[in-house]
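Read through the structure below, which is laid out as structure tokens, and then see the notes.
The values are calculated or read from the model by the stated rules, or taken from the named source; none is laboratory data. Worth saying up front: this structure is predicted, and the values here are computed from it rather than measured. Neighbour counts are summed over all protein chains in view; Cβ atoms, including those assigned to glycine, are modelled from backbone coordinates with ideal geometry. Calculation scope for accessible area: heavy atoms of the full protein, side chains included, ligands and nucleic acids excluded. Shrake-Rupley method; radii C 1.70, N 1.55, O 1.52, S 1.80 Å.
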Amino acid sequence: MTVNMTKGQAISLEKSDGGTLTAVRMGLGWQAAKRRGLFGSRTREIDLDASAVLFAGKDPKDVVFFRKLQSDDGSVRHTGDNLVGGAGQGGDDESILVDLQRVPVHIDQIVFTVNSFTGQTFQEVQNAFCRIVDETNGQELARYTLDGGGQYTAQIMAKVHRAGSGWKMTALGNAANGRTFQDLLPAILPHL
């Protein structure tokens, strides 16, 4: 059963039988919003990018994004860049796979961000979401939907963080500005 998350909500990433998750996928989907023009409505392609920043405390140690598709240790992997979106309401346009058992012990948080590489604001995006899926069986565990657009070019979507012997996910949904994950680091730090 999927949990529809609200900003700031945390959920434990456990299986329904009480077992611990071993692999999750953060999926991102979006569509370009139709804009009304002089000759009817039209859409403009929007290139959103999903990134995962791996932290030890407040110190970024590694990153996975469209130019670096795998973490140094291989525990986090990006499936590839989608330059136009389109799934929006259903499947994922970009995905980041996390093998939770292989994440090095010094990494205690993984923050997922989304940014508009082309600089378009989220006012031009519709049906955007991020979701966490149990990669072993395909079951969607949690979904965070971006409500409405705004005059910002990025979102700090969610974080997966260690909690005892397991992991939790917290929906963040904080608006930010930046074309890449590097631009977002100052906005991420307050959420660690």
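Counted residue by residue at 0.36 nm each, then reduced by the alpha carbon distance between them, the extension gain from residue 177 to residue 58 reaches 40.8 nm.
Rounded to the nearest 10 square angstrom, residue 68 shows an accessible area of 60 square angstrom against a 1.4 Å probe.
Run a plain Debye calculation on region 97-192 (Cα atoms as equal point scatterers, no solvent) and give log10 I(q)/I(0) at q = 0.11, 0.16 Å⁻¹, rounded to two decimals, same order as the q list. These q points yield log10 I(q)/I(0) values of -0.35, -0.73.
Given a 1.4 Å probe and the protein chains all in place, what does the accessible area of residue 157 round to, in Å² to the nearest 10? The accessible area of residue 157 comes to roughly 0 Å². Taking label points 7 Å from Cα along the Cα-to-Cβ direction, residue 145 and residue 73 give a separation of 3.6 nm.
Counting only protein heavy atoms and a 1.4 Å probe, region 112-192 has 38 square angstrom of accessible area per residue.
If you wrap a convex hull around the Cα atoms of region 138-192, how much volume per residue is inside, in Å³? It is 113 Å³ per residue.
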